[in-house]
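Colleague: Handing you this structure, nothing more for now.
Read-outs: derived from the displayed coordinates by stated rules, not from any lab. Computed from a predicted model, the values in this text were never measured in an experiment. When we count neighbours, we look across all protein chains shown, and the Cβ atoms used for this are built from the backbone with ideal geometry, even at glycine.
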Amino acid sequence: MVSLFGLALDALNYVSVLLLVCVGLVVIFGLMQVINLAHGEFFLLGAYTVLVAQGFGVPFWLAVPIAFVAVGLVGLLCDAAILRFIYDRPVDTILATWGLSLAIRQAIVIVFGPQSQQVAAPLTEPVQLFGVAYSSYRLVVILIAMLVALAVFLVLYRTSVGLAARAAMANRQMAQCLGINMRRLDRATFSVGAGLAGLAGAVMAPLMSVDPQMGMGFVLPAFLSILVGGVGSPAGAIWGSIVIGSSTTLVSAWWTPVIAQIVVFLLAIVAIRFLPTGLSGLRRK
């Protein structure tokens, strides 16, 4: 019999991981209207950054912020070299980010090979919670996700940069007329969004095999979470992650992961049909 408390912790852990991935996607799409199909590969780069850093003897807790910065710089380079020329062409941005995803994945295969590799977990001792032995590192992942979400909300709603970002989300043309430097804001947005994906990959590296395909398993659930929660809404990312993450975990525990995927897709279809603006739209009504 599956422990309900342990199952709840598993659901919370998966929700936390989805939220880490979703935050970067929401920031990029909400501000730039760019559907970033390379987000899974930025996640992948974060995991491999930790792998390389540990190979050089860098402590894990130092490797995680290094991954955030390194992948953010990769995002900055991608924006400067490709995306800034096609912001106003949505189809081209989809194709460009898809091409980026293929290029990054193949580069990883060439450099590191197709085989799976492991990152040593910084915490291995389980913690006893109400009679349930649970991974202490998974609890840390939950805490990190909460702190990242809080940091993003504080930046968006308590700083002048966040005010400019929210103005751009509401109306890019009006924000530009008000003197907001949209080029600089777009550049920073894509870089931070990529960095957040890298942070998610770095945090998840000890919990799964690090291989060139690892990012693909998180991107689709993250997109579904955003659609269910509300496109471009940071609060919607939280609600969508809760719905998709908890549904996936609970159905997988009582049936199979395949059935869980079917249920989640049906749930997303129903939500999109009856709540076209997502769960965050309910509050506006």
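Colleague: How large is the charge dipole for the chain, taken about the Cα centre, if only the Cβ atoms of Lys, Arg (+1) and Asp, Glu (-1) carry charge, to the nearest 20 debye?
Modeller: In total the dipole reaches around 860 debye.
Colleague: Report the chymotrypsin sites (Phe, Trp or Tyr not before Pro) located in the range 1-110 that are in a DSSP loop and have at most 16 other Cβ atoms inside 10 Å of their Cβ, or state none.
Modeller: F56
Colleague: What do you get for chymotrypsin sites (Phe, Trp or Tyr not before Pro) in the range 116-166 restricted to DSSP loop and a cutoff of at most 15 other Cβ within 10 Å of the site's Cβ?
Modeller: Answer in residue order: F130.
Colleague: Whole angstrom only: what separates the Cα centroid of the range 64-105 from the Cα centroid of the range 147-207?
Modeller: 15 Å
Colleague: Take each uninterrupted DSSP H stretch in the chain, measure its Cα extent along the helix axis, and return the ones at 18 Å or beyond whose mean Kyte-Doolittle hydropathy is at least -0.5.
Modeller: Long hydrophobic helices here: 4-32, 39-55, 60-81, 90-112, 136-158, 182-204, 216-229, 234-254, 257-274.
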